[in-house]
1. Which members of the stretch 157-171 meet the condition of being under 17 Å from Asn117 (Cβ atoms) and touching a residue at least 12 places away in the same chain (Cβ under 8 Å)?
2. Within the stretch 88-117, how many residues are at pLDDT 90 or above and either outside the structural domain of Val50 (by TED's automatic domain parsing) or over 17 Å from the mean Cα position of the chain (by Cα) (or both)?
3. Failed condition for Val50, given (1) touching a residue at least 12 places away in the same chain (Cβ under 8 Å); (2) under 20 Å from Tyr194 (Cα atoms); (3) not small (Gly, Ala, Ser), with all others met?
4. Can you tell which of Ala43, Ala64 is crowded, with 16+ Cβ neighbours inside 10 Å and at pLDDT 80 or above?
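The values are calculated or read from the model by the stated rules, or taken from the named source; none is laboratory data. Predicted, not measured: the structure shown is a model, and the values here were computed from it. Heads up, the Cβs are rebuilt from the backbone with ideal geometry, glycines too, and the neighbour counts pull from every protein chain shown.
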Amino acid sequence: MPSSTIMDLLWKLQNDGLINGQGTLIEVDSLNRLKLAVQVVQAGADLERVSKLLQWQEFEGIAAYGFECNGYHVFRNVYFKQSERRYEIDIVALQGQLVVCADCKHWKRGLTPSVLNKVVEEQAQRTSALAEALPSPRIKINFAPKVPTTFVPAILTLIPARSKFYDDIPVVPVLQLQGFLNELPCHMHSLKHYRKRIESFKALG
């Protein structure tokens, strides 16, 4: 590729706010790395190859930041045990009596129907298990006591899947998380969810 073409591309990316050029140094923060990844995949680059260039913490961190910007308290990599089985949920986001349990799937080449079926089934099991496990002194999340709490499983992806929902579980591109959370209160009860009245809770600490 001619150097002039590369410079034109870098200039465009800087004008779009995706990179910051300082002489021969180019800086890109985590959010813009994610935006660039989405752009190149949509332009035809291989999703698996691009995903490998993103650190796991970047993808998960952007998702957590999106929840926090919408007023959620975020807990990452929540481990717990229920019925002698160990579980982990990537992100548990809490706002009042609403809990979103999100699984981050940025490394997949593509979510085919068979793969998606397995992914959403496993996330539904994790979410149900979390609700059943509460209250638990090992789960240090300050849930509101003695009121019905709604737990919603969700899948977060790098790029849009073939369907926005599968078995009533939302499949959300991480850069569209803002819109999903804005609409969630209106559509929550049409989604798969679990309710639990938590009689006691463990304070954060």
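1. From the stretch 157-171, those under 17 Å from Asn117 (Cβ atoms) are 157, 161-171; that's our starting set.
Across the stretch 157-171, the qualifying residues are Thr157, Ala161, Arg162, Ser163, Phe165, Tyr166, Asp167, Asp168, Ile169, Pro170, Val171.
2. 2
3. (2)
4. Ala64
For (1) assigned to a helix (DSSP H, G or I); (2) closer than 30 Å to Leu184 by Cβ, each residue gets a yes or a no:
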{"site": "Met7", "(1), (2)": "yes, no"}
{"site": "Leu18", "(1), (2)": "no, yes"}
{"site": "Gly21", "(1), (2)": "no, no"}
{"site": "Val38", "(1), (2)": "yes, yes"}
{"site": "Val41", "(1), (2)": "yes, yes"}
{"site": "Gly44", "(1), (2)": "no, no"}
{"site": "Phe59", "(1), (2)": "yes, yes"}
{"site": "Glu68", "(1), (2)": "yes, yes"}
